[in-house]
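Some notes on the structure that comes next.
The values are calculated or read from the model by the stated rules, or taken from the named source; none is laboratory data. Just so it is clear, the structure is predicted and the values come from calculations on it, not from any experiment. Quick reminder, even Gly has a Cβ in these numbers, built from the backbone with ideal geometry, and neighbours come from all protein chains shown. For accessibility, only protein heavy atoms count, side chains too; no ligands or nucleic acids. Shrake-Rupley method; radii C 1.70, N 1.55, O 1.52, S 1.80 Å.
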2 protein chains.
Amino acid sequence: MSQIVIDLILTNAIVLTMDEEFHLYENGAVAIHGPNIFAVGSADKITKNLQAKETIDCEGKVLMPGLINAHTHHAMTLMRGIADDLRLDVWLMGYLMPVEREFVTPEFVYLGTSLACIESIRSGVTTFADMYYFEEEVAKAAADAGMRAICSETILKFPTPDAQSYEEALNYTRGFIERWKGHPLIIPAVAPHAPYTCTDAILQEATALALEFDVPLHTHIAETASEVENSNSEHGMPVVPYAKKLNLLNAKVLAAHCVHIDESEMHILQEYNVGILHNPTSNLKLASGIAPISKMLEIGINVAIGTDGPSSNNDLDMFEEIRLAALLAKGSTGDPTTVPAKTALAMGTSIGAKAIHMGDITGSIETNKRADLILIDINPLHNTPRFLRDPDGIYGDIVYASKSTDVTDVMVNGVWLMRDRNLLTLNEAELLAQVDDYTQRIDAFLIEREKSILSKLVAIGGAMQQESFEVQTKVKITDSQTIIDALEHQDIEILATRHYHEYDTYFQFEDPVQGLLRYREDAFIEKGQVINVRYRLTLIGQASERHFPSGVLLSRSRYLAEAKHSLRFYREYFNPSRETYIEKDRLRWRVLFQGTEFYINIDRVEQPDLGTFLEVKSRTWGRGDADNKAKLANKLIEFLGASTELVITQDYIELVRSTS
Amino acid sequence: MSQIVIDLILTNAIVLTMDEEFHLYENGAVAIHGPNIFAVGSADKITKNLQAKETIDCEGKVLMPGLINAHTHHAMTLMRGIADDLRLDVWLMGYLMPVEREFVTPEFVYLGTSLACIESIRSGVTTFADMYYFEEEVAKAAADAGMRAICSETILKFPTPDAQSYEEALNYTRGFIERWKGHPLIIPAVAPHAPYTCTDAILQEATALALEFDVPLHTHIAETASEVENSNSEHGMPVVPYAKKLNLLNAKVLAAHCVHIDESEMHILQEYNVGILHNPTSNLKLASGIAPISKMLEIGINVAIGTDGPSSNNDLDMFEEIRLAALLAKGSTGDPTTVPAKTALAMGTSIGAKAIHMGDITGSIETNKRADLILIDINPLHNTPRFLRDPDGIYGDIVYASKSTDVTDVMVNGVWLMRDRNLLTLNEAELLAQVDDYTQRIDAFLIEREKSILSKLVAIGGAMQQESFEVQTKVKITDSQTIIDALEHQDIEILATRHYHEYDTYFQFEDPVQGLLRYREDAFIEKGQVINVRYRLTLIGQASERHFPSGVLLSRSRYLAEAKHSLRFYREYFNPSRETYIEKDRLRWRVLFQGTEFYINIDRVEQPDLGTFLEVKSRTWGRGDADNKAKLANKLIEFLGASTELVITQDYIELVRSTS
């Protein structure tokens, strides 16, 4: 019938087209010409009507569209398993970001993406939507591997590994889009990271760029409950209406996560044809929650499935992800009939393609779409027996029992990337050698850092080292009023007065050389009211102490940092072997006494109840000066009416430890 | 040093002992003698101190205890994927139980268990706790495969494939226990299926049996919310206190599921050292819920992990199950640090062994425990790179990224069951041929049954066929009072009077030959009050109708069944192509008219609003009788004051269809 000789016929397969009507050919064939699907149908019909240069017998395997990993950060494969079972902030700021700052270069991104491409091809993925830095390298790696990809360059309000400012990132993105637009495999895209990590200006300029070039806009929406809480309090509305208000939804949006959106937000997303990218493993692992995908699908939103980055998953296995999407929807709604296997598999293929705005070219086996397809061995032991009663049973077999390792062949754009489990476009051994090199360097970096509490402190945002030394002396007192009255004496000039309540948590570590890390909340009190609270972290190095006859202590230097995170964050990040809590009320004076500046504290240690202490301190810069100041401090204590007979050389923390 | 020559040393492995202190040897070795572990430690130490007949280089693989699948119905592997995405009742009563009634024999159980053993060995399982019928066959299959197993014979208040009564089941169990107790691999056990499927007597006698022989008692506890509701309403308490009251907890209990238990119940389980068997995939797939395992572990309960039967999972992959347990705990509690990888892996090994009361012999690599262990290739692509910074990182690598297909070697009781992915105790090809035979027979059975709505109806519990025929005639009326008055006439003898409100749902099917299935709720009304509601299902065969000149219809026979399930159940089970709803108020008289018994109905069809009808019906048994009765029916209608000019030959359902 047909005059032309087409390139290839794949025959004797169970063909799942995943088209709108879910056409299925128990003994089917697919004809491929150039990059396109030429025809699909029963094996009889296709082989009788068409002439092909090559015909391949698929030996009864399942032939279906390749899977679509709709949200990933491929290059992060190089950081797989770097730190597990941590809270998002600890994981991100304590591990991921420090490693990214140190290692993420174009070379790193190309290598990490290539590694991820091998894993993806092996597990039946033909298209992925990536979001990371140096996306030019992601695009190159994907194209070299022969994979189809949306490559979305990340834009943030903070400096990133590839841009010092958001303007720089936008410029990079513009150039990247110009260079890659129209590529047969790669779709460049812009990725303002998330509303809460961007400014309004970034979101608006990124949208303008997406619209100018008609490229997708890839972002994270409502991943955590706190993101929504913050949006409500900052903008007076949840994340989706806020994104809408900034015109973000006018672009072809890929919205990752959407764990915490309500029904009215779903209707907005549906109206704007936003594709939702569901990441069930990542959302569970980071305890973000469970996205309400049953409701989303019911409303008619295209919901795709993604693995998220392999450092929060920890792999790129779309079989696991599709299965989990199907299972989780049932468990969380109480309805075992929701998101049946057929729908779940469509989310990984045809619906997924629509969600990432590529429904016209991939995601199903239909004439004129690109030939992006895979073969799956449906008869391994873990999928035996196979019942034929229900023609839809095959979807259940694949979703609930097939494994990624059952994929034998992968084709993208009419080109084989894997045949009989042999990779054709990538050299696995060569890549693994390079990966090994990075692994060792990252490991060494983290091991070195983990050795020292100080470098861990520095890694999460610059502790300021205080190189100054200090003399301090302390006596227990019973009557603080006598001291307060004595301070009125004309020989003492009061420069400042403060009253605060201090809540101190000390982290101690197995190795005492690490020092002591103190998390302190200073509640400043004026007229009995707390007017401000300051949070500070101080790493108190092991004291190279010097005891003077007078009992004055010369203590070591400290590292001071503003404590931006919670006590819980630091506890999980530093993982102390022991913790001590001390709470005290402090009256503080900065005074001049005999020409020297001193801090005078009257401390009532309330928890544990140790009594009241007079403490006199002064900064110093050398041994001689320290000696003089120590003598003067003792003099001052006596002047204030306390006895230096009772001088205490221990810190409060040491006092507590010796009494507990 | 040592004088004896031991059997085997496995060296050059990353040894995860999973002992109480999680000892881990990055370059470790395990010495094995007979069925036991002789020593474990660093490779240096073991190889230097011991002499062995054979030493195997593990080439840097992970060597760890074999996984424990703590709750499964192995033989059900033969029914894998038989029906997915259905509600528990539809799946169980509509598919599983009919197939079990037809096919479950000793041969079926041996074969299904053997198939499951192959899958289990391939995926690194060394011990499983089974619950099914013909457990003697499960024990034989497990022992032949070389696996360790708790084989629990099911006891139910209903007849089962292997026992007509519970007494018979208990007798079988007693004999089974006597024959197998003391076997090196098999622990026989008694399995009263669940409190709600047993009687008090069964639970008490099963417990007595377990205590008499000191064998485990394996049961299902609080799998669904409705089970707990029913327990509360029937027994005035939830399931756990009820089980405690019956002394069930005095046995060594393995309690599967425990999805819906509260904290006080957890404390009871902890007190009685009950092991909980967590089945995350099954609980999600059947939408039972998410068991609160974080809380259970915190309270100190031993929580094991199981796959449940492969027809609700649909495989026996413990890697997936362990991963899901870790992920789900985080997602459901909002705490990403809960059930870390290390704990999850312990649930699949050491904690799991304790939960199934086998902690003294398996679950960890410790001297004098049995040599039940596996080797895992930790360096496949999907687990690259591997970082060494955190010594505990290996647990995350295994739990979050390893696949069951990474298992290369399996040993149970000191005997290799798999070496380099080659099975040593089972003949896969031979078994698969037998499986194929069963598959085809089960498929044919279900395909045949699915062809006919009638056989589907029969399959779920005996529809009663009404072979009688019926004449019926119907006229539209405007004034029912006239008819009611006319019924007072002495020529009519009223035998009975009824008033009901009828809610009918008609299921129609693609193939009209299937007939029409009606689900009817009859609300009986007395003095304006509903006093009783009856639920009936009627399969109305395609009418071989006969129209008389008088418009009387001779309708086909019907199949009647009490509707024990909900409309929702039948909808999902029969999956109709169309549904029609009709609601009517019916006044019914059973009368004698000229010596013949008739039913007279005055029907006000309210939904849809069709008006009021007078219907006259009579049972018949042949053509001649039908002709006579048809004539008499017309006469009766006229006698009651209605006109037979307006006779309607259609059923209400046809009237509705023709007007909609």
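Can you find even one residue in the stretch B:608-628 that is crowded, with 16+ Cβ neighbours inside 10 Å and among the aromatic types (Phe, Trp, Tyr)?
The answer is yes, given that some residue of the stretch B:608-628 is crowded, with 16+ Cβ neighbours inside 10 Å and among the aromatic types (Phe, Trp, Tyr).
Assess whether A:Tyr559 counts as being of a type outside the set (A, V, I, L, M, F, W, C) and at pLDDT 75 or above.
Values: of a type outside the set (A, V, I, L, M, F, W, C): yes; at pLDDT 75 or above: no.
Spelling it out, it is not the case that A:Tyr559 is of a type outside the set (A, V, I, L, M, F, W, C) and at pLDDT 75 or above.
Quick one: in the stretch A:472-498, which of the residues that are part of a loop (DSSP other than H, G, I, E, B) and within 18 Å of A:Gln594 (Cβ to Cβ) is least open to solvent (accessible area, probe 1.4 Å)? If you could, list the steps in order and put the result at the bottom.
Applying the first criterion (part of a loop (DSSP other than H, G, I, E, B)) to the stretch A:472-498 yields A:478-479, A:487-491.
After this cut, where a residue has to be within 18 Å of A:Gln594 (Cβ to Cβ) as well, the list is A:487-491.
Details: A:Leu487: 3, A:Glu488: 139, A:His489: 80, A:Gln490: 164, A:Asp491: 83 Å².
It comes out as A:Leu487.
Of the residues A:Ile293, A:Ile356, A:Ile351, only one is under 15 Å from B:Ala287 (Cβ atoms), away from chain B (no Cβ under 11 Å) and crowded, with 24+ Cβ neighbours inside 10 Å; which?
Working: A:Ile356 fails: under 15 Å from B:Ala287 (Cβ atoms); A:Ile351 fails: under 15 Å from B:Ala287 (Cβ atoms).
Going through A:Ile293, A:Ile356, A:Ile351 in turn, the sole match is A:Ile293.
When only residues in the stretch A:422-441 that are open to solvent by 70 Å² or more (accessible area, probe 1.4 Å), within 11 Å of chain B (Cβ to nearest Cβ) and among the charged types (D, E, K, R) count, which is farthest from A:Ala31 (Cα to Cα)?
Result: A:Arg441.
If B:Val415 passes every condition in (1) more than 10 Å from chain A (Cβ to nearest Cβ); (2) under 29 Å from the mean Cα position of the chain (by Cα) but one, which one does it miss?
(2) is the only condition that B:Val415 fails.
Of (1) within 14 Å of another protein chain (Cβ to nearest Cβ); (2) open to solvent by 10 Å² or more (accessible area, probe 1.4 Å); (3) closer than 16 Å to A:Ala70 by Cβ, A:Pro310 satisfies all except one. Which?
The number of the failed condition is (2).
So which residues in the stretch A:377-421 are more than 18 Å from B:Leu432 (Cα to Cα), modelled with pLDDT under 95 and open to solvent by 30 Å² or more (accessible area, probe 1.4 Å), if there are any at all?
A:Arg389, A:Asp390, A:Pro391, A:Asp392, listed by residue number.
Which one is surrounded by the fewest Cβ atoms within 10 Å (Cβ to Cβ) among residues in the stretch A:59-79 that are touching a Ser or Thr at 6+ places or on another chain (Cβ under 6 Å) and within 12 Å of another protein chain (Cβ to nearest Cβ)? Spell out the reasoning first.
Of all residues in the stretch A:59-79, those touching a Ser or Thr at 6+ places or on another chain (Cβ under 6 Å) come to A:65-66, A:68-69, A:72, A:74-76, A:79.
Now narrow it down to the ones that are within 12 Å of another protein chain (Cβ to nearest Cβ): A:76, A:79.
Numbers: A:Met76: 25, A:Met79: 27.
Across the stretch A:59-79, the extreme among qualifying residues is A:Met76.
Applying the selection to the stretch B:596-639, what residues are of a type in the set (Asp, Glu) and assigned to a helix (DSSP H, G or I)? Outline the logic, then answer.
Step one: of the stretch B:596-639, the residues of a type in the set (Asp, Glu) are B:597, B:603, B:606, B:609, B:615, B:625, B:627, B:638.
Within the stretch B:596-639, B:Asp625, B:Asp627, B:Glu638 meet the criteria.
Return only the number of the condition from (1) more than 30 Å from A:Phe507 (Cβ to Cβ); (2) touching a helix residue (DSSP H, G or I) at 6+ places or on another chain (Cβ under 9 Å); (3) surrounded by 19 or more Cβ atoms within 10 Å (Cβ to Cβ) that A:Leu636 does not satisfy.
(2)
Out of the residues in the stretch B:313-330 that are touching a residue at least 24 places away in the same chain (Cβ under 8 Å), closer than 16 Å to A:Gly331 by Cβ and not hydrophobic (A, V, I, L, M, F, W, C), state the one that is nearest to the other protein chains (Cβ to nearest Cβ).
Applying the first criterion (touching a residue at least 24 places away in the same chain (Cβ under 8 Å)) to the stretch B:313-330 yields B:313-326, B:328-329.
After this cut, where a residue has to be closer than 16 Å to A:Gly331 by Cβ as well, the list is B:313-314, B:320-321, B:323-326, B:328-329.
Restricting the remaining residues to those that are not hydrophobic (A, V, I, L, M, F, W, C) gives B:313-314, B:320-321, B:323.
Details: B:Asn313: 7, B:Asn314: 4, B:Glu320: 7, B:Glu321: 11, B:Arg323: 8 Å.
Ranking the qualifying residues of the stretch B:313-330, first place goes to B:Asn314.
How about the stretch A:208-237: which of its residues are touching a strand residue (DSSP E or B) at 6+ places or on another chain (Cβ under 6 Å), within 26 Å of A:Leu284 (Cα to Cα) and of a type in the set (Val, Ile, Thr)? Spell out the reasoning first.
Residues of the stretch A:208-237 touching a strand residue (DSSP E or B) at 6+ places or on another chain (Cβ under 6 Å): A:209-210, A:215-221, A:223.
Filter once more, keeping what is within 26 Å of A:Leu284 (Cα to Cα): A:217-221, A:223.
Listed by number, the residues that qualify are A:Thr219, A:Ile221.
Hey, can you tell me all the residues within the stretch B:360-408 that are free of Cβ contacts under 8 Å to residues at least 40 places away in the same chain, of a type outside the set (Val, Ile, Thr) and more than 24 Å from A:Asp84 (Cα to Cα)?
B:Asp360
A:Lys244 is checked against (1) more than 14 Å from chain B (Cβ to nearest Cβ); (2) basic (Lys, Arg); (3) under 22 Å from A:Asp130 (Cα atoms) and fails just one. What number does that condition carry?
(3)
Within the stretch A:14-34, identify whether any single residue is polar (S, T, N, Q), in contact with a Ser or Thr (Cβ under 9 Å, 6 or more places away or on another chain) and in a loop (DSSP other than H, G, I, E, B), and answer yes or no.
To start, the set of residues in the stretch A:14-34 that are polar (S, T, N, Q) comprises A:17, A:27.
With the extra rule that they be in contact with a Ser or Thr (Cβ under 9 Å, 6 or more places away or on another chain), the set shrinks to A:17, A:27.
Those left that are additionally in a loop (DSSP other than H, G, I, E, B): A:17.
Scanning the stretch A:14-34, I find at least one residue that is polar (S, T, N, Q), in contact with a Ser or Thr (Cβ under 9 Å, 6 or more places away or on another chain) and in a loop (DSSP other than H, G, I, E, B), so the answer is yes.
Here are some conditions: (1) over 31 Å from the mean Cα position of the chain (by Cα); (2) more than 7 Å from chain A (Cβ to nearest Cβ). B:His382 meets all but one. Which one does it not meet?
Here B:His382 clears every test but (2).
With the checklist (1) open to solvent by 10 Å² or more (accessible area, probe 1.4 Å); (2) of a type outside the set (Lys, Arg); (3) within 14 Å of chain A (Cβ to nearest Cβ); (4) under 19 Å from B:Leu16 (Cβ atoms) in hand, flag the one item B:Ile56 doesn't pass.
Of the numbered conditions (1) open to solvent by 10 Å² or more (accessible area, probe 1.4 Å); (2) of a type outside the set (Lys, Arg); (3) within 14 Å of chain A (Cβ to nearest Cβ); (4) under 19 Å from B:Leu16 (Cβ atoms), the odd one out for B:Ile56 is (3).
Out of curiosity, is B:Thr343 in a loop (DSSP other than H, G, I, E, B), open to solvent by 10 Å² or more (accessible area, probe 1.4 Å) and closer than 29 Å to A:Glu572 by Cβ? Break it down into steps so the answer makes sense when it comes.
On the way: in a loop (DSSP other than H, G, I, E, B): no; open to solvent by 10 Å² or more (accessible area, probe 1.4 Å): yes; closer than 29 Å to A:Glu572 by Cβ: yes.
Considered against the rule, which asks whether it is in a loop (DSSP other than H, G, I, E, B), open to solvent by 10 Å² or more (accessible area, probe 1.4 Å) and closer than 29 Å to A:Glu572 by Cβ, B:Thr343 comes out as no.
If you check every pair at least six apart or on different chains, which have Cβ atoms under 9 Å apart with a residue in the stretch A:19-30 that is over 15 Å from A:Lys48 (Cβ atoms) first and a residue that is assigned to a strand (DSSP E or B) and open to solvent by 20 Å² or more (accessible area, probe 1.4 Å) second?
Correct list of pairs: A:Asp19/A:Val40; A:His23/A:Val40; A:Glu26/A:Ser42.
Restricting attention to the stretch A:561-599, which residues are touching a Leu at 6+ places or on another chain (Cβ under 7 Å) and of a type in the set (A, V, I, L, M, F, W, C)?
A:Ala561, A:Ala563, A:Phe574, A:Trp589, A:Val591, A:Leu592, A:Phe593, A:Phe598
Hey, any hits in the stretch B:405-414 for a residue that's within 28 Å of A:Leu78 (Cα to Cα), in contact with a helix residue (DSSP H, G or I) (Cβ under 9 Å, 6 or more places away or on another chain) and not in a strand (DSSP E or B)?
The answer is yes; a qualifying residue exists.
Tell me, yes or no, whether the stretch B:99-106 has at least one residue that is modelled with pLDDT under 95 and more than 14 Å from chain A (Cβ to nearest Cβ).
Yes, the stretch B:99-106 contains a residue that is modelled with pLDDT under 95 and more than 14 Å from chain A (Cβ to nearest Cβ).
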